[in-house]
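The values are calculated or read from the model by the stated rules, or taken from the named source; none is laboratory data. Predicted model, so just to flag it, every value in this text is computed and none were measured. As a convention, Cβ positions derive from the backbone with ideal geometry for all residues, glycine included, and neighbour counts pool all protein chains shown. Areas reflect the complete protein model, heavy atoms only, side chains present, ligands, DNA and RNA absent. Shrake-Rupley method; radii C 1.70, N 1.55, O 1.52, S 1.80 Å.
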Amino acid sequence: MKKTIEILIEFIAFFALIFIFVGLPLVINWYDSSYLPSRYPKGTKIINLTAKVSQNSCLWTLEKVNSFNYWWKKFKFAEEISVREGDKVVFRVHSADVLHSFAIPRFRIGPYEISAGKVKEITFDARREGSFKYLCWLWCSDCHGDLKGRVIVSPSD
Amino acid sequence: MIDLFEKIPILKRIVTLRVFPYLIILPNIFFFYLLLFAGLFGTPVGNRNIIVVFVWILWWAILIAVMVPFGSRIWCTMCPLPAIGEWLQRMTLTRVRPGETIRGFKGKFFGLNKPWPKRFQNIWLQNIGFLILACFSGFLVTRPIVSVIVLGGMIVISTILALIYRMRTFCMYLCPVSGFLGLYAMTAKIALRRKDPEVCKSHRGVECYLGSVKGYPCSWFQNVCTMTRNNYCGLCFECVKNCDAGNIALYWRPFCSDKEIKGYDETWKAFIMLGLAFVYSVNLLGPWGIFKDWVNFTESGKWLGFILLSLAIVLLCVAVLPGIYWLFIYWAKKLSGNKEVSLKNLFIKYSYCLVPFGLLAWIAFSVPLIMINGSYIISVISDPFGWGWNIFGTANFSWKPFFPNWVPYIQIPLLLMGLFYSIKSTYEIGQNIFSDNKQLVRSLIPITIFLGAVTLVFLRLYVG
Ligand code: SF4
Ligand code: SF4
Ligand SMILES: [Cu+2]
């Protein structure tokens, strides 16, 4: 009897470990990619944009920048960000290293400060079609001038 | 001295449960797993990533200011790093598997169970490891990935070693944290000891050390029947489970009750810790800008500066500080007028005078560390990965240090308390070295001057 209980406890202990190892990443992923987006109004387009400076090259990217890939990955420059006219857009602007800022001057958006390791959420109604410059608005590093791209608003069909 | 097991019987019931260490390791496994995840997939910005903020600010401060002075090596009871290796060795999480005997130790063990080479059965490797980590501390606190490499590396190495060498070889001889835990655990309020030596004598089995059907042998190679210091007892409580006579107590005792430093490795550990407490204080709080570059050197590209400064710091810890201390010991011996006491003996024994003060200098250092970085701790709880989460609504908490000009008034008493305990302990140590009270007092004069000078240096740093 005592032995059975011991073995039972051992089993529970083992599965608790497995549960943590498998469960934690799943919960984190669910919270980040299902729960949080579900709080925006239906149909909102969420755009994660990250500013990054390293080895004298600055870029905006739509790819995820994390503590691991920051050091080696060649990120794709987000020269064009496409949305459709009438879209409700939420820009979630990240900075992977230093203080940046974000602005879309022709929509009178920003400049908003984007501090390192923090995320700034900026809502944006794509009211007009066209091509609009977005950029970093404060001198963040020597290659600051490269930190610009375009938001392309294409006509809704 | 109070026996906590007697005072709080439930405590003994808990620690003798077979699931006990597992139960408190499990939450820490959860946390460290989360931290490692954050260190890989969270933001590259150190003070916005939970691994950096929790390990190098919060954990370090709690470890040094609470766990060690009050709980001895209680961290090692719950440490998740060597757990995987230990579970593999035992091939179970909670049970005992009796039956076999390996080199006198009872229990079935998986792995090669080799003894660690004699030459390395000391804490020199830990001293070296700690110094190396210290030189790279600038990276550790700014680059989450470096923390992943260090903590992950410790898990990997401890697991591999667990399969080759017996029991907690990693913890005893390699873990860089272990050396300082052991040294400062001597000051701790709690201590696990046998109660009655006669009971031990009449009991031949030495199950506390060799293991029994109720518990494993001491993974830390400590025989609690003869153990007189906290240094290398990892508080795993297996011996308590093994001892049928109930002859093991968990004492609550005055601070700084263990006073015996054995060997140069421990002496040098004391130098290194005090030296680094000084270096870090200058680095974070002091007025000198070059040290800031040391931490930020990759941004400023000053590799040569980094190497030179690291060398200077290593030299300070392993040569300059010991050299100055040696001069004072030499003077102490001369002044005492005692011919029998050897210089080496005095050098090692009196080096305990650096222990209480060193610990309190570290605590004094961590006060502003927490005060200044408090806002990071609070905001990172809500946004552990820097992904823009706000779980508890504190992600954008902005912090004005609470009464920042009060910090020195906390630090001054801490340093003075360190000075007091250092002088007091050295006096008590001296009583066992010098039989003549006059000689003893004379030998203490140089030590007191030395400690006073060190205290002034720290006061100057903190108070200005
Ligand atoms: S010695 Fe190091 S690895 Fe071992 S339990 Fe203590 S802190 Fe953890
Ligand atoms: S003496 Fe050994 S068995 Fe007993 S608590 Fe300390 S480390 Fe564990
Ligand atoms: Cu810029």
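Just need log10 I(q)/I(0) for chain B at q = 0.07, 0.08, 0.09 Å⁻¹, Debye formula, equal scatterers on the alpha-carbon atoms, no solvent, rounded to two decimals. At q = 0.07, 0.08, 0.09 Å⁻¹ the computed log10 ratios are -0.39, -0.51, -0.65.
Treating r as the C-beta distance of B:Ala319 and A:Ile5 and R0 as 41 Å, the FRET efficiency rounds to 0.10.
Measuring heavy-atom accessible area with a 1.4 angstrom probe and counting protein chains only, the residues of the stretch A:89-124 that give up at least 50 Å² relative to the chain alone are A:Gly117, A:Lys118. The alpha carbon gyration tensor of the stretch B:299-385 gives principal lengths a ≥ b ≥ c with a/c of 1.5 or higher and a/b no greater than b/c, which makes the shape oblate.
The angle between the Cα long axis of helix A:2-30 and the longest principal axis of the Cα atoms of chain A comes to about 10 degrees, rounded to the nearest 10.
How much accessible area per residue does the stretch B:270-463 have, counting only protein heavy atoms and a probe of 1.4 Å, in square angstrom? Mind showing how you got there, number by number?
On the way: 9030 Å² over 194 residues.
With the other protein chains kept in place, the stretch B:270-463 gives 47 Å² per residue.
The A-B contact accounts for roughly 2900 square angstrom of buried accessible surface, both chains included, probe 1.4 angstrom.
Computed as a quarter of the hull surface, the mean projected area of the alpha carbon convex hull for the stretch B:1-93 stands at 7.5 nm².
Taking every DSSP helix (H) stretch of at least 4 residues in the protein assembly as shown, weighting each as -39,500 (n - 2.57) and dividing the sum by the residue count yields a mean residue ellipticity at 222 nm of -15000 deg cm²/dmol.
Report the calculated FRET efficiency for A:Trp71 and B:Leu163 (r = Cβ-Cβ distance, R0 = 25 Å), to the nearest 0.05. Walk me through the numbers on the way to the answer.
Values: r = 31 Å, r/R0 = 1.24.
It comes out at approximately 0.20.
Relative to the current alpha-carbon distance between B:Ile24 and B:His203, full extension at 0.36 nm per residue lengthens the span by 61.3 nm. Taking a Cβ cut-off of under 14 Å around B:Lys333, the surrounding Lys, Arg, Asp and Glu residues balance to a net charge of +3, with basic ones at +1 and acidic ones at -1.
If only the Cβ of Lys and Arg carry +1 and only the Cβ of Asp and Glu carry -1, the dipole of chain B around its Cα centre is close to 1000 debye.
Please sort through the DSSP H helices of chain B and keep those with an alpha-carbon extent of at least 24 Å along the long axis and a Kyte-Doolittle average not below -0.5. Span-like helices here: B:20-41, B:144-164, B:263-284, B:354-382, B:407-433, B:437-463. Sparsely packed loop sites in the stretch B:352-409 (the chymotrypsin sites (Phe, Trp or Tyr not before Pro) outside DSSP H, G, I, E and B with at most 10 other Cβ atoms within 10 Å) comprise B:Phe402. Ignoring aspartates and glutamates fewer than eight residues from A:Lys74 along the same chain, the ones with Cα atoms less than 17 angstrom from its Cα are A:Glu63, A:Asp97, A:Asp146.
Taking 0.36 nm per residue of sequence separation and removing the Cα-Cα distance, the B:Arg460/B:Glu260 pair yields an extension gain of 69.0 nm. For the residue pairs B:Lys114/B:Lys241; A:Lys2/B:Lys114; B:Lys12/B:Lys349, alpha carbon separations beyond 30 Å are given by A:Lys2/B:Lys114; B:Lys12/B:Lys349.
Hey, any idea what Rg/Rh is for the protein assembly as shown, computing Rh the Kirkwood way over Cα pairs?
Details: Rg = 28.4 Å, Rh = 27.4 Å.
Using only Cα positions, Rg/Rh for the protein assembly as shown is 1.03.
When chain A is treated as a Gaussian network with alpha carbon springs shorter than 10 Å, the biggest mean-square fluctuation among A:Lys73, A:Lys52, A:Lys133 belongs to A:Lys73. Measuring nothing but protein heavy atoms, the accessible surface of the stretch B:400-464 at 1.4 Å probe radius is 69 percent carbon and sulfur.
Quick one: if the Förster radius is 51 Å, what FRET efficiency do A:Arg106 and B:Ile372 give, using the C-beta to C-beta distance and rounding to 0.05? FRET efficiency, A:Arg106 to B:Ile372: 0.80. Take chain B and mark each of the GluC sites (Glu not before Pro) that is in a DSSP loop with at most 16 other Cβ atoms within 10 Å; the longest unmarked stretch, sites excluded, is B:101-259. Less than 14 Å Cβ to Cβ from B:Gly129, Lys/Arg counted +1 and Asp/Glu -1: what total charge do the surrounding residues give? Local charge sum for B:Gly129: 0.
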